[in-house]
1. Looking at the structure I just gave you, is Tyr191 touching a Pro at 6+ places or on another chain (Cβ under 6 Å) and open to solvent by less than 70 Å² (accessible area, probe 1.4 Å)?
2. Take Ala161 and decide whether it is in contact with an Asp or Glu (Cβ under 7 Å, 6 or more places away or on another chain) and among the hydrophobic types (A, V, I, L, M, F, W, C).
3. Filter region 122-159 down to the residues that are open to solvent by 20 Å² or more (accessible area, probe 1.4 Å) and out of contact with any strand residue (DSSP E or B) (no Cβ under 9 Å at 6 or more places or on another chain) and list them by number.
4. Consider region 326-350. How many of its residues are open to solvent by 10 Å² or more (accessible area, probe 1.4 Å) and in a loop (DSSP other than H, G, I, E, B)?
5. Just a yes or no: is a residue in region 73-92 in contact with a Pro (Cβ under 9 Å, 6 or more places away or on another chain) and at pLDDT 85 or above?
6. Can you tell me which residue within region 31-68, out of those that are open to solvent by less than 70 Å² (accessible area, probe 1.4 Å) and hydroxyl-bearing (Ser, Thr, Tyr), is modelled with the lowest pLDDT?
7. Does at least one position in region 210-219 carry a residue that is at pLDDT below 90, surrounded by 15 or more Cβ atoms within 10 Å (Cβ to Cβ) and of a type outside the set (S, T, N, Q)?
8. Looking at (1) closer than 30 Å to Lys177 by Cβ; (2) open to solvent by less than 60 Å² (accessible area, probe 1.4 Å), which one does Thr311 not meet, given that it meets all the others?
Amino acid sequence: MKPLLGLILFLTFSFTAGAQQTLSGRVLNADDRKPLPFANVFLANTTRGTTTNEQGEFTLTQLPGGTLELVVSYVGYQTRTQTIPTDNRSTSLEILLKANPELLAEVKVKTKRDKHWKQRYERFVSMFLGATENARQCTIVNSDVLWITEDSTKQWLTAGAREPLIIENQALGYRIKYQLEGFSYHHTQGYVSYLGYPVYEELPTTSSETMTRWKRNRNRAYYGSLTHFLRSLHSGTLASEGFIVQRIVNPAQSPMNALALAGKKLSRCEVLRYNGLQVLDEPLRSEDVLVKRLHTPEQSIMTFPGAIQVTYTKEMDLNILPGMRQRPQTSVIELLSQMVRIQANGQYFPSLDLLVSGYFVYEKTGDSLPFDFQPYP
């Protein structure tokens, strides 16, 4: 099995303490200022979304407090995002979308299916939704809006969609409207990245048994996830939540490294892509990777050199080949910038600056939850 290295690129945004309740406005064509009816309007990674009426008007109510990121999309137009300040208690917006007919024409060409479509689609689904039990219970309802291409070397698979994907997750009880902006997968390197804006809606049910199953599956998806880890890191509860964080080192990199690590207990990194490196046995604390003087109840600043190994001790890694030694869920995190901001609810940004591998990549869209999710008792 090839190691998976992934930039799981959800555009994540902050929800701090505040009292914003209502957000309304109009969506217009930027060229002639005519209203755009039935445009998609939502707050990324939440359960708050709607569509505009025939006058291009929309209203979102019962919003969480804090800085919100509004996403507006319309077929044939460029997707627009806009940050809503925390101090606006009731906001009315005018959002102008720019038409992109060239992009729409290009997508129509790409969506034409050939004899390789089914094979490419199955590969896309496994890399985008995942290979877990939850992912296997997901269905992309409108797969006809997808375009999937492969380069001449058969290495790079890229995908996009001319309108939001509708994903029904019968394992977690969500209908996800996913504005897919980009997807890339490299076959040999096992590298997958995708960028998009999801909004979640509860699937209807009158069965208490079904709702109990959804709640149980949501809890299982949450515990041990990247969101769970970042929330625990921010709150300083790593050990009690079951996480062990260790620094990854390379004694062979230089004589100075070897000297500095002399006498320290080391073990091999558990993630396949990094198994030539070592980890310090002594666990790190939250304050070892967070900037203490910048810590607030709403936000932390994470920074560390190199990479860290994150082990969730309360669940075993099921993505293990037969014959391999069983181990807890283990991941590696690298920063692609000097620091990353973490919100209390587990969101992080810049969302492009966190590179994860190992178990965090194994669970993909099929195991994702909205950032306003709280685990059930």
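The values are calculated or read from the model by the stated rules, or taken from the named source; none is laboratory data. Small disclaimer: the values here were computed from a predicted structure and weren't measured. A quick note on method: Cβ atoms are made from the backbone with ideal geometry, for glycine too, and the neighbour counts reach across all protein chains shown. Just the protein is used for accessible areas: all its heavy atoms, side chains included, with ligands, DNA and RNA removed. Shrake-Rupley method; radii C 1.70, N 1.55, O 1.52, S 1.80 Å.
1. On the way: touching a Pro at 6+ places or on another chain (Cβ under 6 Å): no; open to solvent by less than 70 Å² (accessible area, probe 1.4 Å): yes.
The answer is no for Tyr191.
2. no
3. Listed by number, the residues that qualify are Glu122, Ser126, Ala131, Glu133, Arg136, Asp144, Ser152, Thr153, Lys154.
4. Within region 326-350, residues that are open to solvent by 10 Å² or more (accessible area, probe 1.4 Å) and in a loop (DSSP other than H, G, I, E, B) number 9.
5. yes
6. So the residue we want is Thr67.
7. Looking only at region 210-219, we keep the residues that are at pLDDT below 90, and these are none.
No.
8. (1)
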